[in-house]
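Structure record follows, encoded as structure tokens.
The values are calculated or read from the model by the stated rules, or taken from the named source; none is laboratory data. Since the model is a prediction, treat every value here as computed from it, not as a measurement. Neighbour counts run over all protein chains shown; Cβ positions are idealised from the backbone, glycine included. Quick note on the areas: whole protein, heavy atoms, side chains included, nothing else; ligands and nucleic acids left out. Shrake-Rupley method; radii C 1.70, N 1.55, O 1.52, S 1.80 Å.
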Amino acid sequence: MEEVQRHSVHTLVFRSLKRTHDFFVANQSLLPEIDENMEKHKFNIKARDTYGLVFDRAAKAKALAAKRGDSDRNDGQNGVKEGVLAITAGEQEGIAPDGTQTQNTQTALVQASTPVSQNTTNAVQILPKKAPTIPKPKWHAPWKLCRVISGHLGWVRCVAVEPGNEWFATGAADRVIKIWDLASGKLKLSLTGHVSTVRALAVSPRHPYLFSCGEDRQVKCWDLEYNKVIRHYHGHLSAVYTMSLHPTIDVLVTAGRDSTARVWDMRTKANIHTLTGHTNTVASVVTQAANPQIITGSHDSTVRLWDLAAGKSMCTLTNHKKSVRAIVLHPSLYMFASASPDNIKQWRCPEGNFIQNLGGHNSIVNCMAVNPEGVLVSGGDNGTMFFWDWRTGYNFQRFQAAVQPGSMDSEAGIFSMTFDQSGSRLITTEADKTIKIYKEDDEATEESHPINWRPEIIKRRKY
């Protein structure tokens, strides 16, 4: 065998440089000649575009100064312009008793040398900018656990509260939907029919209907007067993970692992739109009456805003770095929040303008809920719960959800949460097969639980 000659790194580098030089040397002579006139035009255009306003002001200021100099010479010794009384001449010209110009004169000169259309801009420039104000967070009472309900035989994956605030429904990995009395926590009814994990529930505010979907690709409509399934919505190609009822029209939106969101006519079972565009599982969908009427969050780490009439995506928000598993609408403000392991982000509708980050919940955030008082709650895959003030993003409480006795610590995961219709009770469903209900601590006061707020960065916010 021939022995391969070994070269030093120095030799190899310079050999490579020589080859590169030889390869591109032919192109060196093909550079175009520079036209000096064209270059001069180019720089003139750039200067005019960038500094045109300054040029105009300077030219007008010079012209005004020259005009004043001529008029002063014409007026002779008096130093008073025509049509101006001698007693007010000094005040109008802004000349102080010592002969110097006052600040008002300089301001007047700047304004006089500016076209009328630019007066507003100058006024903004002359006025001192206000110091950015930091809104102080509103005080919220801390929340505490008040009831634990057990009855499911698997992970409890979803919860929905009835519009009348009398009962709530939960769905779990034991394939059963259970309906519980909200006041007493007692089981009222069990509905069976799904053949796999029930992943989402929704109760209609206008009809006696309960909608459910699950990993068996089925979307069912239950008539609560007969406790029977009256409609099936066929079309999803894989597990259905989330659903939402439109608040004003009889439309149901479902989404899941086939990377699509489907819009159904509640009565005719017709698939009106198939919203395609996400490249991974759609984990969360919400609907509202105003635009955008549908908002989806996906494992492809994007949030999409959809036009329901056209069935097309209006906007894609790509700020998140990791999968978006939860989206929640604020009940009164025209805003929504999206949750990802990197950050919880707040947005303003209808265009999805970014407002602020809520950082610190460093886990997979499975769910969020917000009440009319401005309390935002996020639940993590490791059983952590963070309570935030919506307006300022202040995290006023955080704790680890207690695990049911007999369960492993690894089963401390929160899968879904919702406030009841009054916003005074928080219901969570968890991996230890329980449902937990939280309420505000009535004994807490601002003195016993003060706001410990130290903003690290000044947030200039537009409301």
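Could you grab the relative contact order for the range 143-276? Cα pairs under 8 Å, six or more apart, rounded to a whole percent. Walk me through the intermediate numbers first.
Working: 318 pairs, mean separation 17.7, N = 134.
Relative contact order here is 13 percent.
Determine the dipole magnitude for the range 342-391: charges of +1 sit on the beta-carbon of Lys and Arg, -1 on that of Asp and Glu, nothing else is charged, the reference point is the Cα centre, and the result goes in debye to the nearest 20. Could the numbers behind the result be given before it?
Values: 3 positive and 5 negative charges, 20 e Å.
It works out to roughly 100 debye.
Defining a contact as two alpha carbons under 8 Å apart and six or more residues distant in sequence, what relative contact order in percent does the range 290-336 show? Before the final figure, lay out each step's value.
Details: 76 pairs, mean separation 15.5, N = 47.
Relative contact order, the range 290-336: 33 percent.
Taking the Cα centre of the range 170-290 as origin and charging only Cβ (+1 Lys, Arg; -1 Asp, Glu), how large is the dipole, in debye to the nearest 20?
On the way: 14 positive and 9 negative charges, 26 e Å.
Using Cβ point charges on Lys, Arg, Asp and Glu, the range 170-290 gives about 120 debye.
I need the shape label for the range 241-316. Rule: rounded when a/c is under 1.5, else prolate if a/b > b/c, else oblate, with a, b, c from the alpha carbon gyration tensor. Walk me through the numbers before you get to the answer.
Working: a/c = 1.75, a/b = 1.36, b/c = 1.28.
Prolate is the answer for the range 241-316, as a/c is 1.5 or above and a/b outweighs b/c.
Which FRET efficiency value, to the nearest 0.05, is calculated for Thr276 and Asp441 with the Förster distance at 51 angstrom and r the Cβ-Cβ distance?
Values: r = 47 Å, r/R0 = 0.91.
E between Thr276 and Asp441, to the nearest 0.05, is 0.65.
Can you give me the accessible area per residue for the range 176-229, using a 1.4 Å probe, in Å²? Present the calculation step by step, with values, prior to reporting the outcome.
On the way: 2330 Å² over 54 residues.
On a per-residue basis, 43 Å².
Give me D for the range 173-297 in µm² s⁻¹, whole number, from Stokes-Einstein with Rh from the Kirkwood sum over alpha-carbon pairs, 10 °C and 1.306 mPa s.
Details: Rh = 14.8 Å.
It comes out at roughly 107 µm²/s.
Checking a compactness column here: for the range 270-365, what do you get for Rg(Cα) / (2.2 N^0.38 Å), N being the number of residues? Before the final figure, lay out each step's value.
Working: Rg = 12.7 Å, N = 96, 2.2 N^0.38 = 12.5 Å.
Scaled against compact globular proteins, the figure is 1.02.
Could you tell me, in Å, what Rg and Dmax come out for the Cα atoms of the range 181-225?
My reading of the Cα-based Rg and Dmax gives 11.7, 33 Å.
Let's test the formula: R0 of 56 Å, r as the Cβ-Cβ distance of His207 and Leu12. What FRET efficiency results, to the nearest 0.05?
Numbers: r = 77 Å, r/R0 = 1.38.
The formula returns an efficiency of 0.15 here.
Separation between the Asn291 and Lys138 pseudo-spin-labels, each 7 Å from Cα along Cα→Cβ, expressed in nm?
Each label point is offset 7 Å from its Cα along the Cβ direction, giving 2.9 nm.
For the range 210-329, what relative contact order do you get, as a whole percent, if you take Cα pairs closer than 8 Å and at least 6 residues apart? Don't skip to the answer; put the middle values down first.
Values: 311 pairs, mean separation 19.2, N = 120.
Normalised by residue count, the contact order of the range 210-329 is 16 percent.
Quote to one decimal, in nm, the extra length available between Thr50 and Lys188 on full extension: 0.36 nm per residue of separation minus the C-alpha distance between them.
Values: separation 138, 0.36 × 138 = 49.68 nm, distance 7.24 nm.
That pair, Thr50 and Lys188, stretches by 42.4 nm at full extension.
Choose one of Thr281, Leu305, Cys315: the residue whose Cα lies farthest towards the positive end of the charge dipole of the range 261-323 (beta-carbon charges +1 Lys, Arg; -1 Asp, Glu; about the Cα centre).
The residue sitting most towards the positive pole is Thr281.
On alpha-carbon atoms, Rg over Rh for the range 203-244 using Kirkwood Rh? Walk me through the numbers on the way to the answer.
Numbers: Rg = 10.6 Å, Rh = 10.7 Å.
Taking Rg over the Kirkwood Rh, I get 0.99.
Given the range 347-435, what whole percent of its Cα pairs are spread farther than 15 Å? List each step's numbers first, then the result.
Values: 2407 of 3916 pairs.
The proportion of pairs with Cα distances above 15 Å equals 61 percent.
For the residue pair Thr248 and Met38, what label-to-label distance in nm results when each label sits 7 Å from Cα along the Cα-to-beta-carbon direction?
5.7
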